[in-house]
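A quick write-up on the structure given underneath.
The values are calculated or read from the model by the stated rules, or taken from the named source; none is laboratory data. Treat the numbers as computed from the prediction; the structure is a model and nothing was measured. Using ideal geometry, Cβ is built from the backbone for each residue, glycine included, and neighbour counts are taken over all protein chains shown.
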Amino acid sequence: MKILFYNHTGKVSGAERVMLMILSKIDHERFDSLVLCPADGPLSEMTGSYGVKTIDIKSLGARFTWRPDRLVGYFVSFARLMREARALVIAETPDLVHANSIRAGLVMSAATVGTGVPIIWHAHDLLPRHPLSIAIRLFTLASRRNQILAVSEAVANRIRGALLRFFPQRVPITVIHNAVDVEQFQPNPSARRETRCSLGFPENQLLIGSVGQLTPRKGQLELIKAFAEVAKEFPNVALLIVGAALFNRDFEYAESLKQTSDNLGISDRVRFIGQREDVPALMRAFDLVVVNSRAEPFGLTVVEGMASGIPVLATAVDGVKEIVEHDRSGWLVDALDQKALVEGLRKLSVDANLRARLSARGFADARSRFCSNIFLNRIQALYQKFFETGITPERNSTRNQIECGLKT
């Protein structure tokens, strides 16, 4: 079976890391993979390093907005990209398209009209409450070729809204939680010491880690402010922030994080090291992982911390609540509750026994519920199911026409 993977951006964040895991572990004897993505980031080089054929394609300049002038520009970008994508799909004749975001699903569903090729929309994001979201739901109803794969029940419920709940057969929605490679993300005391040494953190210093793109939704600013309160009581605690600004005006936000650290007088206790490719090693170096998101479709960093044997403090939002059980496999606080965040940091900083208990249960859950092998088996079964149910007379007719055209 030939699967065409399409990613609407060449930048790499959580959704792209999941796609890379699929590409690296998929059964290559059963599935032939091809990737379409823009060359505006490292993704195409990374997929190519796996030996996967990768084709550059235009970037999609489209985001949710209330400004009509920007919407017009986004629709123009969408139309141009759709034509290019259609030509590539016809040339490559895939059996199935894996669109790695809601926007990617929109592009591929429009680009493949009349081909009969089934489309998996891999929904990694919470569909916002916006008039365009209603249009997206109507768009999914336009074709029986569309199948939605959601990374959490929270994402699935947001996609359904009030409309798609009435059409469960027309637009099937399957939930498969994301996973991590437990061979990469696992405890390793010797590697932990090496990483901490290379970063300049002594073994006896308590290191709090935050991993993720720098954006207001991830709550790094509030984390820094909460850490400033804890740092007054615990002089041996440091904060390491891993990640970079990737989109929109997040570069201004990233600068504000550094400025806030300076203003609070904790710049010597807070370190920013940008986006890194050695996240598994960094995870092992932490004593506590904090995910302070105000919204989180799944929470891949939460699972990575758990699989690494590190206790996790996270906000009780969306997909995170499907991963962590409070005071059992992690510590949950309400989003935007600054007092609860400070108290959680304080409690976990001082109580080593609590950290050990949470990390032990979290580690067990990560390996039993979020292992990459389990995830890949479910994904591959889904590919086979979608492929078989997606065979239509329309699709066979289109493929025959393409094959005849190639022969002549």
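Looking only at the stretch 16-65, count how many residues are more than 30 Å from R129 (Cα to Cα), of a type outside the set (A, V, I, L, M), crowded, with 19+ Cβ neighbours inside 10 Å and under 19 Å from the mean Cα position of the chain (by Cα).
2
When you check G114 against the structure, is it without any contact (Cβ under 8 Å) to a residue 40 or more places away in the chain and at positive phi, yes or no?
Answer is no for this residue.
I need a count of the residues in the stretch 318-344 that are aliphatic (A, V, I, L, M) and crowded, with 24+ Cβ neighbours inside 10 Å.
Residues flagged as aliphatic (A, V, I, L, M) and crowded, with 24+ Cβ neighbours inside 10 Å within the stretch 318-344 amount to 4.
Pull up the stretch 137-163, narrow it to residues that are aliphatic (A, V, I, L, M), more than 15 Å from P118 (Cα to Cα) and surrounded by fewer than 20 Cβ atoms within 10 Å (Cβ to Cβ), then point me to the one that is modelled with the lowest pLDDT.
A162
Is the stretch 212-234 home to any residue that is farther than 24 Å from R294 by Cα, polar (S, T, N, Q), in a loop (DSSP other than H, G, I, E, B) and free of Cβ contacts under 8 Å to residues at least 40 places away in the same chain?
There is no residue in the stretch 212-234 that is farther than 24 Å from R294 by Cα, polar (S, T, N, Q), in a loop (DSSP other than H, G, I, E, B) and free of Cβ contacts under 8 Å to residues at least 40 places away in the same chain.
Quick check on the stretch 291-305. Is at least one of its residues over 22 Å from D125 (Cα atoms) and outside any helix (DSSP H, G or I)?
No, the stretch 291-305 has no match at all.
Mind listing just one residue for me: the one in the stretch 239-267 that is among the charged types (D, E, K, R) and surrounded by fewer than 13 Cβ atoms within 10 Å (Cβ to Cβ) and, of those, modelled with the lowest pLDDT?
Here the residue is R249.
Quick one: D262 ticks every box in (1) of a type in the set (D, E, K, R); (2) in contact with a Pro (Cβ under 9 Å, 6 or more places away or on another chain); (3) free of Cβ contacts under 8 Å to residues at least 60 places away in the same chain except a single one, so which number is it?
D262 satisfies all of (1) of a type in the set (D, E, K, R); (2) in contact with a Pro (Cβ under 9 Å, 6 or more places away or on another chain); (3) free of Cβ contacts under 8 Å to residues at least 60 places away in the same chain except (2).
Would you point out the residue of the stretch 170-192, among those that are surrounded by fewer than 15 Cβ atoms within 10 Å (Cβ to Cβ) and of a type outside the set (S, T, N, Q), that is farthest from T301 (Cα to Cα)?
R170
Within the stretch 294-305, work out how many residues are buried (at least 24 other Cβ atoms within 10 Å of the Cβ) and more than 25 Å from A191 (Cα to Cα).
3
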